[in-house]
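The values are calculated or read from the model by the stated rules, or taken from the named source; none is laboratory data. Please read these numbers as outputs of a predicted model, since none were measured by experiment. Here Cβ is always computed from backbone atoms with ideal geometry, including for glycine, and neighbour counts include all displayed protein chains.
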Amino acid sequence: MAGGRLIGVTIARFLSIARKDADEMITAVSLGERKRMMIERGSAIAVLPGGIGTADELMEVLERKKQGEHSKPVVVLNTDDFYRGIHLQLKKMYNEGFIPMPLENLVYFAKTPHLAIEYIASALHK
């Protein structure tokens, strides 16, 4: 992980299927608390391909960044254009005035894991 630490945040009912290779695993009481803890504890937010819960977490992270609650780099791993639809929707929201900052200041869509890691490293060393 290029010197980083993997901190997992899960809820009790998912503890049995949570990653076993995390440097630290935190158990939150609720999904809302989990999202809050992930934003608070992380130096950066990396979004991997996932389901509805992952999309919900991404949107909350972006909204909180837009509102100025954090300034952490947010990178979406867009392997095989997995998040193409969300990327297009965010562009539409920006173009229609619903996102008041350039998208590149809000989120970076990386095509490969290598580009995601490069983006985070660069953003953290500014």
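So here's what we get for this one:
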| read-out | value |
| --- | --- |
| Scan of the stretch 43-84 for residues that are assigned to a loop (DSSP other than H, G, I, E, B) and in contact (Cβ under 8 Å) with a residue 60 or more places away in the chain, ordered by number | SER43, ALA44 |
| Residue within the stretch 28-42 that is closer than 22 Å to ARG5 by Cα, out of contact with any helix residue (DSSP H, G or I) (no Cβ under 7 Å at 6 or more places or on another chain), in contact (Cβ under 8 Å) with a residue 60 or more places away in the chain and surrounded by fewer than 16 Cβ atoms within 10 Å (Cβ to Cβ) present | no |
| Residue within the stretch 94-114 that is of a type in the set (Ser, Thr, Tyr), touching a residue at least 40 places away in the same chain (Cβ under 8 Å) and part of a helix (DSSP H, G or I) present | no |
| Total residues in the stretch 22-44, condition among the aliphatic types (A, V, I, L, M) and in contact with a Leu (Cβ under 8 Å, 6 or more places away or on another chain) | 3 |
| Hey, THR54 touching a strand residue (DSSP E or B) at 6+ places or on another chain (Cβ under 7 Å) and not charged (D, E, K, R) or not | yes |
| Some residue of the stretch 22-35 being under 12 Å from the mean Cα position of the chain (by Cα) and either acidic (Asp, Glu) or outside any strand (DSSP E or B) (or both) | yes |
| Total residues in the stretch 98-121, condition of a type in the set (Gly, Ala, Ser), over 16 Å from ILE86 (Cα atoms) and either at pLDDT 95 or above or crowded, with 18+ Cβ neighbours inside 10 Å (or both) | 1 |
